[in-house]
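Everything on this sheet refers to the single structure shown next.
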Amino acid sequence: MRRGALVTVVLVALAGAGVVGTQLLGDRSSGGRDAGPTTASSSPGAATSGPDVGPPGTGVPGLTAPGIHVEATPAASGDVDVVENVVFTGGATALELTLPAVTGVSEAARPDAVRITDLRVTGDGVAVDTGSASLARGGRLLLPKAPRAVELRYRLVGVVMVSRPSTPGRALVLLPPITTGDDLRRLPVVVEVRGALVRNLVCPGLAAGDQLCGRQEGERWKTVPLGSGSTAVLAQLDLPTP
């Protein structure tokens, strides 16, 4: 069986067993699992005194080069603690927030109560007013003074479903980023998983032969740099014990 076909079979099998991805944050009162986020965009602004980074392709996206870097740490509860760093090519005056992209996960396997909690944002090291620390849907986040770099710290709740019967603690998790926008669609994304025994990372948006996108580095796993339209990342892992 070809590698790409194997990935598809694995995803279908996992979904059928009750493991899960997520959906875009939407207004549940409007009755739609397909309801999208409120209209928003990441807008270029005047460059600011952000971090000392190089041009795209010269460092780690979101840390030492323009792009997005996600560090996700699953908890025994099934929640996921996230540090998401964004570096723009210039300054940005707004950022769109949404739940992670859904690709390769069946509708029946998705949770129906996903939310973002404990949201804290800084722009070039200065706290940004988010309006609320808990989000039940996506929307537009204004960025005063057009920062070059933004850091988001938050917890994703309801994004994990444990398959039963299965190995205790075995789960499938759909990982961030939650940031998006016109500027960011042209920049690479790297997703890193810590604090859990990762079995594999799958990127269903990539070409069939590239969908097994995880690389193990010591006790962490990370994806190859991902491009626009292919940032959905599924992690098969064993949740840490309480």
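The values are calculated or read from the model by the stated rules, or taken from the named source; none is laboratory data. No experiment lies behind these values; they were computed from the predicted model shown. In this analysis, Cβ positions are derived from the backbone assuming ideal geometry, glycine residues included, and neighbour counts consider all displayed protein chains. Quick note on the areas: whole protein, heavy atoms, side chains included, nothing else; ligands and nucleic acids left out. Shrake-Rupley method; radii C 1.70, N 1.55, O 1.52, S 1.80 Å.
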Completion exercise
Of Ala94, Ala109, Ala127, Ala72, the only residue that is at pLDDT 95 or above, among the small types (Gly, Ala, Ser) and open to solvent by less than 10 Å² (accessible area, probe 1.4 Å) is Ala72
Completion exercise
Checked Arg140, Arg199, Arg215, Arg153 against criteria (under 14 Å from the mean Cα position of the chain (by Cα) and at pLDDT 85 or above); the one match is Arg153
Handout entry: Residue, nearest to Gly67 (Cα to Cα), within region 156-171, restricted to residues that are modelled with pLDDT under 85 and of a type in the set (A, V, I, L, M)
Key = Val159
Exercise for the section: Go through region 74-152 and tell me which strands (runs of 3 or more DSSP E), entirely inside it, have 2 or more residues that are in contact with a Phe, Trp or Tyr (Cβ under 7 Å, 6 or more places away or on another chain) and in contact (Cβ under 8 Å) with a residue 12 or more places away in the chain. Expected result: 115-123
